[in-house]
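What follows is calculated from the coordinates using simple rules that are stated; it is not laboratory data. None of these values were measured; they are calculated from a predicted model. Glycine also receives a Cβ, built like all others from the backbone with ideal geometry; neighbour counts cover every protein chain displayed.
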Amino acid sequence: MNQPPMGLWRRAWWSLYAIGTGIGLLSWATFLFIDKSPGTSTLLVGAAGTALCTAEAEHVAERMHYPKEYGTKVGGFKPVFDWQMSLHLTLIAGAFSEVRLSRSLRSEAVPGLWAARFGASRVKRLLAALAGGFILLFGARMAGGCTSGYGISGGLQLAVWNWIFFVTTFISGIATAFALFGRVPASAPSTDNRLES
Amino acid sequence: MLTNFFTDPRTILLGAITGLIFGFLLHRGGVTRYHVIVGQFLFRDHMVLKTMLTAIIVSSVGIYAMLGLGMIKGLHLKTAELGMNAAGGLIFGVGMVLLGYCPGTALAAVGQSSRDAMVGVLGALVGAAVYAEAFPSIHRMLVPLGNLGEVTLADISPVSPWVFIVVLAILTVGLFVCLEQRAAKLVVG
């Protein structure tokens, strides 16, 4: 597609190959400097644990899953505010700064594809998102990671667990997507107010 | 319990820089949008695969090179528990289509002030907490299906990891060429 010449920041988006390369290089840096591999869902377990913890410290300490990720009473707890927590807080800031630089602010609640199938009701969409988030993290924790943790960190290490997850996620994602949106025409409006030409 | 709440400042700073760049790149790539994520599963849009596979190839070359040169101590693997990995993946896929983001892109979408992503992160926190409660019984049920330990594809086969990386790179580039050619045809047609 011929795009009119635009500034680097105003362009609709950069080549995805460039973005992918950037993420790849970033993972070199995390391995080299922090000696860790990135992942988002472990963080959310930590956040849930911390939130529950303030209410019921003993209860959280007794659950098998938290000690697995966050250490034990005997062995000492790992810090709650670790590099992942810091990473994910600034992840939000990073996306926000990109929004500002490209001046492409959009605060949508109901994406176009969703609206084409389920209508423009905000309540319906937000309830689905709530349920979706719940299912997403439940599955992620069960498998032991998520897309960044698994798909990318695991993929790059050629880890066996990652590839099982990658394939099963795609199978169920494809089945769910076709069940829900298979009959929505590809021309359904997207609610992007990006500068697309 | 919260005695050592913060880890050391250097780690926090490095984590913060990583997050800032990661969030920026995700949003710049446009993979923080509902129709992009769902469109991937509908085979209408291949932005997610393009980004992920490129990232995997680039990073695997670097990580295995650094490992070979002794610049890093080792990999960070998790155990391959076949039942848990597969069942988790199947559940994850449903959630990813309903929410329209994976955990990382959901946080980035919070940065673009998508309301559904904010609600989704709330749901995710509850999901993580409920999972922690259910963990012992799920684990008992699914672990007997097989546990290979912390292994890579190269560990369970007789060939070097570089064979996997090179084959994966060739397949990926082939896929990208096909996708770009098809996209070009659609534009001309």
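General remarks:
- For chain B, modelled as a GNM whose springs connect Cα atoms under 10 angstrom apart, the maximal fluctuation among B:Asp45, B:Asp116, B:Asp155 occurs at B:Asp155.
- Net length available on complete extension from A:Arg103 to A:Phe118 is 2.5 nm, with 0.36 nm assigned per residue and the Cα-Cα distance removed.
- Partner shielding of A:120-131 amounts to 5, given as the average count of beta-carbon atoms from other chains within 10 Å of each residue beta-carbon.
- Overall form of segment B:2-188 per C-alpha gyration tensor (a/c, 1.5; a/b vs b/c): rounded
- Taking amide hydrogens as placed 1.01 Å from N in the peptide plane, the amide H of A:Ala159 sits under 5 Å from those of B:Leu153, each at least 5 positions away in sequence or on another chain.
- Exercise: per-residue mean of other protein chain Cβ atoms within 10 Å, B:61-68: 4
- Each label point was placed 7 Å from the Cα along the Cα-to-Cβ direction; for B:Leu67 and A:Ala175 their separation is 3.2 nm.
- In nm, spacing of pseudo-spin labels at B:Leu175 and B:Val143 (7 Å Cα→C-beta vector): 3.3
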